[in-house]
Amino acid sequence: MDEQSPLGRGRRAAPPLRDIDPVLERITARLAARHGRAFSKETVERYVEECSWVLSAKARVATHLPVLVERFADQRLGALARGMGLSPKPVPEVLFVCTENAGRSQLAAALLRHRAGDGIRVLTAGSEPGTEIAPVVLRLLAEQGLDADEEFPKPLTREVVTAADVVVTLGCGDACPVRPGRRYLDWDLPDLSGLDIESARAVRDGLATRVDALADELLPTRVPRR
């Protein structure tokens, strides 16, 4: 099944990185095998190329780029397939959106993953994504014995919004597109940037309270808090 350009920009050339084409070909082959029941190889290739172009604009370390491209393209293709009903959607999906996808959205996502386990699929995105997760987020998670797993800042795309059952915005205003049938929540908590550590901890604790309440609503059976 073919799709129009995912971000509405038309097909983009791969970024000008040395030897990137063979890398993208290998990524495309792996993702085509994984998503072949839903999408043609051409569609997968277009997503891979576009993800490479988008992420390379902000990449600090080019050697890490292929890994991020594969994760981002995989997430988008999976979300597209679920949103279109082309693959199973066994659990509710929650999308956290903030401006840079480096602070509150990442913190909330890590807390919900810990709280819900495999009972809820959790995704994140940013309206103007940064280059890396904020150090304060990593510190706040480490204090709870948690980490950000393999997360990284990534742009908001229509696929993840379409797949989501609940979209939680954290300071990104009206940047998130509205899709019928989705539940939208706006959690009004301060940006972590510039806060002292005690104030940042208060934000984390406020997010934890909201995350617990959301998990209790969405999980089919109550999962004990860990």
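Quick notes on this one:
- Going through (1) crowded, with 17+ Cβ neighbours inside 10 Å; (2) at pLDDT below 95; (3) within 13 Å of Ala102 (Cβ to Cβ); (4) out of contact with any strand residue (DSSP E or B) (no Cβ under 6 Å at 6 or more places or on another chain) one by one, Asp191 falls short only on (1).
- Residue within the range 49-61 that is free of Cβ contacts under 8 Å to residues at least 40 places away in the same chain, crowded, with 21+ Cβ neighbours inside 10 Å and of a type outside the set (D, E, K, R) present: yes
- Residue list for the range 139-158, filter: at pLDDT below 95 and not in a loop (DSSP other than H, G, I, E, B): Pro155, Arg158
Residue-by-condition table, conditions (1) more than 12 Å from the chain's Cα centre (by Cα); (2) assigned by TED's automatic domain parsing to the domain that holds Tyr184; (3) at negative phi; (4) surrounded by fewer than 24 Cβ atoms within 10 Å (Cβ to Cβ):
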{"site": "Lys41", "(1), (2), (3), (4)": "yes, no, yes, yes"}
{"site": "Glu70", "(1), (2), (3), (4)": "yes, no, yes, yes"}
{"site": "Thr124", "(1), (2), (3), (4)": "no, yes, yes, no"}
{"site": "Leu141", "(1), (2), (3), (4)": "yes, yes, yes, yes"}
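- Per-region count, the range 194-226, residues crowded, with 17+ Cβ neighbours inside 10 Å and either closer than 15 Å to Gly117 by Cα or at pLDDT below 95 (or both): 5
- The range 78-104, subset in contact (Cβ under 8 Å) with a residue 40 or more places away in the chain and among the small types (Gly, Ala, Ser), residue surrounded by the most Cβ atoms within 10 Å (Cβ to Cβ): Gly103
The values are calculated or read from the model by the stated rules, or taken from the named source; none is laboratory data. This is a predicted model, so every value here is computed, not measured. Quick reminder, even Gly has a Cβ in these numbers, built from the backbone with ideal geometry, and neighbours come from all protein chains shown.
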